[in-house]
Amino acid sequence: MGISFKTNPTKHQNERPKLPLRIINRATILFAKDTGMSGSQITDFFAEYGDQIEDYWNLPKPIPSRRVIFKDCLRSFSYNEQIKILKELCEIDESFCKVKYPFFRQIVFPRFPG
């Protein structure tokens, strides 16, 4: 049984194209779970790409989990920006990516060239 992903985003009226949920979930586990980045590292990283990143530390308590912050930040960007960001996250620490999810890079890079 092979893994198949659509490389062309599905567009619905008034809806932004989306990355496949499986890719978003794998990236979230890889970069925002126990061995991933801290909440402030996540927001600092995404803030380099745009001003739309929420200041989670000034929100009323409780602060969302790292997984929620990661998904919110990723979803605040366009489809093409999300692909670029995920590719750059894979390059931050290549050995970390390969150890945790050896196929994550294989999913992101070949399916979303450029």
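Observations on the model:
- Yes/no for R22 being assigned to a helix (DSSP H, G or I) and either acidic (D, E) or surrounded by 13 or more Cβ atoms within 10 Å (Cβ to Cβ) (or both): no
- Residues located in region 33-55, provided they are part of a loop (DSSP other than H, G, I, E, B) and among the charged types (D, E, K, R): K33, D34, E48, D51, E54, D55
- Tally of residues being among the small types (G, A, S) and closer than 13 Å to I85 by Cβ across region 33-52: 2
- Per-region count, region 38-64, residues more than 16 Å from L74 (Cβ to Cβ) and either β-branched (V, I, T) or surrounded by 13 or more Cβ atoms within 10 Å (Cβ to Cβ) (or both): 1
- Summed over region 65-84, residues that are surrounded by 15 or more Cβ atoms within 10 Å (Cβ to Cβ) and acidic (D, E) total 1.
Only the coordinates and a few stated rules stand behind these numbers; no lab work does. As the structure is a prediction and not an experimental result, all values here were calculated from the model. Ideal geometry is used to build each Cβ from the backbone, glycine not excepted, and the neighbour counts take in all protein chains shown.
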